[in-house]
Amino acid sequence: MQIIFLCGGMGTRLRAVSKEFPKGLIPIKDKPFFDYILNSISSYKPSSIHFCLGYKSELYIKYIEKLNYPFSISYTCENQNFLLGTGGAIKKAFDFLENDFIVQYGDTILDFDYKKFFDFHLENKKDMTMTILHKSRTNENPNIYCYKNKLGDFKCVYNKKTPHQKANFIDYGAIAFKKFLFEREAKLKFDLSELQHSLSINSRSSFFEVFNKYIEIGTPKSFNEALNFLSK
């Protein structure tokens, strides 16, 4: 079970909190935020993790080189003046990818069972599996419309730009993919949400419901909420 972390964004909304560090390395209680992410996944014993870097990658590299975990760690770097988008970042990391892998953002701590999710993805044999959280459990605007078929399986359509008017779930932030998808993608620069939308409307995706809230630091408001929670 490999986990790919997207850590290349500019983090412009968080500049009011820190101009020195990229989002994932901003200290909370004298520890980089990413320490909390790694602690949250380590019990699931990933086979490897990979960092997709861009903005201030030199600081991430210094951080990565000091890590000591019982799984392999690698990274790729984009030119921070020509970022490739979330999809392009994964395509750039192609040579490091396992045949199936999980992607998540490097500014979020997720609270769900990674192993059950990954096993679910492999068993369903779909090209993509998304984690989804019902709108009643979050303040975010829903961007996925889901219903269950007669077998009790979720059928969903994801649309980040123009969500369905009956959208009732959000993209929780962990997505499993098959590697070949990024070999076939011709564009070097693209947003991951484009691929997610295409796979969802063409029945090439499965959906895994989760129930716990997440911690993210994408904005000053959410950073302060994370700071209060993690300081307890």
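Nothing in this text is a laboratory measurement; each read-out follows from the coordinates by a stated rule. Note that the coordinates shown come from a computational prediction; the quantities given were computed from them, not determined experimentally. Note that each Cβ is placed from the backbone with ideal geometry, even for glycine, and that neighbours are counted across all protein chains shown.
Annotation: the residues His134, His50, His121, sorted from fewest to most other C-beta atoms within 10 Å of their own C-beta, follow the order His134, His50, His121.
In a fully extended conformation the segment linking Ile201 and Lys115 would gain 28.4 nm over its present Cα-Cα distance, using 0.36 nm per residue. Rounded to the nearest 5, the antiparallel percentage of DSSP beta bridges internal to the chain is 50%. With neighbours defined as other Cβ atoms within 10 Å of a residue's Cβ, the residues Asp127, Asp191 order from fewest to most as Asp191, Asp127.
Label sites at Glu183 and Lys45, each approximated as a point 7 angstrom past Cα along Cα to Cβ, lie 2.9 nm apart. For a 4.7 Å threshold on C-beta separation, the list of partnerless cysteines in the chain reads Cys7, Cys52, Cys77. In plain terms, the chain from Tyr69 to Glu209 could stretch by 47.5 nm, reckoned as 0.36 nm per residue minus the Cα-Cα distance. For the stretch 1-102, the set of GluC sites (Glu not before Pro) satisfying both a DSSP loop assignment and a count of at most 12 other C-beta atoms within 10 Å is given as Glu20.
Calculate the FRET efficiency for Lys166 and Arg13 from the Cβ-Cβ distance with a Förster distance of 22 Å, rounded to the nearest 0.05.
Details: r = 29 Å, r/R0 = 1.32.
The pair Lys166/Arg13 has a calculated efficiency of 0.15.
Note on Lys232 and Asp95: the model spin-label points, each 7 Å out from Cα along the C-beta direction, lie 4.6 nm apart. With contacts taken as Cα pairs under 8 Å and at least 6 residues apart, the chain reaches a relative contact order of 26 percent. Dividing the summed helix terms, -39500 (n - 2.57) for each DSSP H run of n ≥ 4, by the number of residues in the chain produces a 222 nm estimate of -8000 deg cm²/dmol to the nearest 500.
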